[in-house]
Structures are given as C-alpha cells and as structure tokens.
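One structure below.
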Amino acid sequence: MQAHTRYRISSAIVIAMAVAAPRIGAADPQDPPAAPGAPAPAPQRDDRMERARWSTGRLVVEILGSAAVGSLAGYATYHSLCDGRGDCMGSALTGAAMNFAVTPLATWGIGRLMGGQGSLGWSYLGASVAFAAFSPPPPANESPGDAIARIDTEFAIASFLLPITSAAFYELSSHVAYTRWRTAAQSGNLAFGVVPLRDRGGLDGAIGRLALRF
C-alpha cells in the first residue's frame, strides 16, 4: 500500500512539473517589450553641455566673484604679516600664495554653479600667469620704503590679473569640453541606450547608458 501511495505522489509531481515547465522563464504577455537602444540625442537637447560653451557673462561674474574672495584673503594675509618696518617680500609672497589658493577655487565654484564644465586644474594654470608681476628684479640701491612701495604695486597687479587669467582659462577649458562633446555627437560617437530590468512580477525598472568617444 505504501509503495502504491509513493508511486502516485511521484506521478503527480512529475505531471505538475511537466505542466508548469513551459511557463518557467516565459515572459508575461502583459509585460512591455524590451526598449531598444534609443538613437543618439541631438546635441542641442543637452542643456548641461550647451551651457558649457564660452560665456562672456559667466566670465565677468567669475572674475568679480573670485576677485572679491581672493583679494580679501590675500590682502588680509599680507597686511597681517607686514609691519611696514622691514622687507615685506615674504609677507607679499605669502599673501599672493593665499590669493592663488583661493581665487581659482572660487572661479571654479562660480563657474560650475553657472553651468560651466571647466577644469579646476586649468583655473590654477591660468592663475599662475599673474605671478609674472613679481618677476622684475629690484634695483640694487633700493631703500626699504621703495621696496615696500614696489612690493605693494606688484601685489596689486598680481591681485588684479589673477581672477582675470584664472577665469579666462576656466572658460577656455569649458569651451574645449563643449567642443569635444559637440564633435563626438555630430560624428555619431555619442550613443544612448536603455536596458530594462525584470523580475518575476514583470518590468521592474531600467538602466540608461551614455557613451561618449573622442
């Protein structure tokens, strides 16, 4: 009796598995079909990269904003270290270094907030050009008063040039990034695709992929 019962149970399991087998792994007819890869988007539809092109208005805001922040930090450092009775070259260089550290960072931050895609490294590279103001050698018979006056002038020139050159290089790098993206999109090297994510209940989500080659 037990043997017959065991055979009947086994037969029922085999029959159930045979009936359910065609359904295993089969797609739900109500599930939407997989979304094929979408064509590359037109360059003008990407507002983020369109805003990365050279912008004179953004350049002006970057210059004014970074000049205010960097000059304040630089002059505060310089005047706190220079007592006016000795050689203030070290104080001036320290203040210029503070200005150099703060101004490109402010330029990059303002540019990113306004839609730029420039490089922080290019901002610092442009800022280094302003240090040419300290390159002229001092006269051999320069008095301490003349030295302080000359250093003040050089420091003022460097502080004036630093936000301009830093912002110009930032905008240049942002426009280079925009040009590369535009060229890749027009040459067909910009690809976009959507891959659906499925579970047992049907379509659960999707993953978008953007590829850019240049």
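Rounding to the nearest 20 debye, state how big the charge dipole of segment 108-194 is about its Cα centre with +1 on each Lys and Arg Cβ and -1 on each Asp and Glu Cβ.
On the way: 4 positive and 5 negative charges, 122 e Å.
Here the size comes out at about 580 debye.
Quick one: if the Förster radius is 35 Å, what FRET efficiency do residue 186 and residue 112 give, using the C-beta to C-beta distance and rounding to 0.05? Kindly include the intermediate steps, with their values, before the conclusion.
Numbers: r = 26 Å, r/R0 = 0.73.
Between residue 186 and residue 112 the formula returns 0.85.
Read-outs: derived from the displayed coordinates by stated rules, not from any lab. A quick note: this is a predicted structure, and the numbers were derived from the prediction, not measured. Methodologically, a virtual Cβ is constructed for each residue, glycine included, from the backbone with ideal geometry; neighbour enumeration extends over all protein chains shown.
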